[in-house]
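Worksheet for the structure shown next.
The values are calculated or read from the model by the stated rules, or taken from the named source; none is laboratory data. Treat the numbers as computed from the prediction; the structure is a model and nothing was measured. Glycine also receives a Cβ, built like all others from the backbone with ideal geometry; neighbour counts cover every protein chain displayed.
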Amino acid sequence: MSTIAENISTLSEQIQAAAHAVQRDPASVGLLAVSKTKPANDLREAYAAGLHDFGENYLQEALSKQLELADLPLIWHFIGPIQSNKTRAIAENFAWVHSVDRLKIAQRLSEQRPAELPPLNICIQVNVSGEDSKSGCTPQDLPALVDAICALPNLRLRGLMAIPEPTDNHDEQNAAFATVRTLQDSLKLPLDTLSMGMSHDLEAAIAQGATWVRIGTALFGARDYGQH
């Protein structure tokens, strides 16, 4: 069975190849380890193999891991849907939030961000495929949400995040990610982050400018959702 370190090595080679194919610097693409449902020891192993950034979807599980791994200088990203009653703990314990999709959540994160911490890095989640089951701001509502978030004092808007409808068709993957890139370009702001692409579509995401690819299964193996 492959180890986490071997999986990271394989993924790094994939990312490098995808970046080189479109004349991008591989260092401009970050590997965000999606560690939901995985035990703290797996994250420790991934850190030992060179990863520092970890994405979590479930708040209580993430807080438990943060305590267990407090001896490591990990950078924590919240990437799941956000309920209003969870914003304080997210504002206090994460460096990044990729899944902001409405102003109320952004306002609470800004108000509840501790003064001694730097501004919280924010990505706005956009629903580019129009799926009812997906979170995300509509492309039409994006400009107004961007303007409002930029006015909040304790947040730093970094860019957009998207989870397009899954498909194995490379042209469809490219088209969805190109839509996200075009939306970000249309904002005409100095944004530096596109959080998009997972194990099955990272090549297309990188071709369209992804700066974070969010990888879980290909890194840690299949998940057990029993506890959730």
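Some observations on this one:
- Among residues of segment 151-177 that are over 18 Å from SER195 (Cβ atoms), those with a Cβ under 7 angstrom from a residue that is of a type in the set (Gly, Ala, Ser) and part of a helix (DSSP H, G or I), sequence gap 6+ or separate chain, pair up as LEU152/ALA106; LEU152/SER110; PRO153/SER110; ASN154/SER110; HIS170/ALA204.
- All of VAL128, VAL180 fail the test of being surrounded by 16 or more Cβ atoms within 10 Å (Cβ to Cβ), under 20 Å from TRP212 (Cα atoms), of a type in the set (Val, Ile, Thr) and at pLDDT below 95, apart from VAL128.
- None of ALA95, ALA162, ALA115, ALA151 is among the small types (Gly, Ala, Ser) and over 24 Å from GLY55 (Cα atoms) except ALA151.
- Residue count for segment 62-109, restricted to those that are touching a helix residue (DSSP H, G or I) at 6+ places or on another chain (Cβ under 7 Å), polar (S, T, N, Q) and surrounded by 14 or more Cβ atoms within 10 Å (Cβ to Cβ): 3
- ASN127 satisfies every condition listed in (1) among the polar types (S, T, N, Q); (2) touching a strand residue (DSSP E or B) at 6+ places or on another chain (Cβ under 9 Å); (3) within 16 Å of PHE94 (Cβ to Cβ) except (3).
- Filtering segment 185-218 to residues that are out of contact with any Ser or Thr (no Cβ under 8 Å at 6 or more places or on another chain), buried (at least 22 other Cβ atoms within 10 Å of the Cβ) and not in a loop (DSSP other than H, G, I, E, B) leaves LEU202, ALA204, ALA205, ILE206, VAL213.
- The set of residues from segment 151-162 being crowded, with 19+ Cβ neighbours inside 10 Å and either touching a Ser or Thr at 6+ places or on another chain (Cβ under 8 Å) or modelled with pLDDT under 95 (or both) comprises LEU152, LEU155, ARG158, GLY159, LEU160, MET161, ALA162.
- Some residue of segment 164-176 being buried (at least 22 other Cβ atoms within 10 Å of the Cβ), touching a Gly at 6+ places or on another chain (Cβ under 7 Å) and farther than 26 Å from PRO114 by Cβ: no
- Matching residues, segment 28-52, being assigned to a helix (DSSP H, G or I) and under 18 Å from the mean Cα position of the chain (by Cα): SER28, LEU43, ALA46, TYR47
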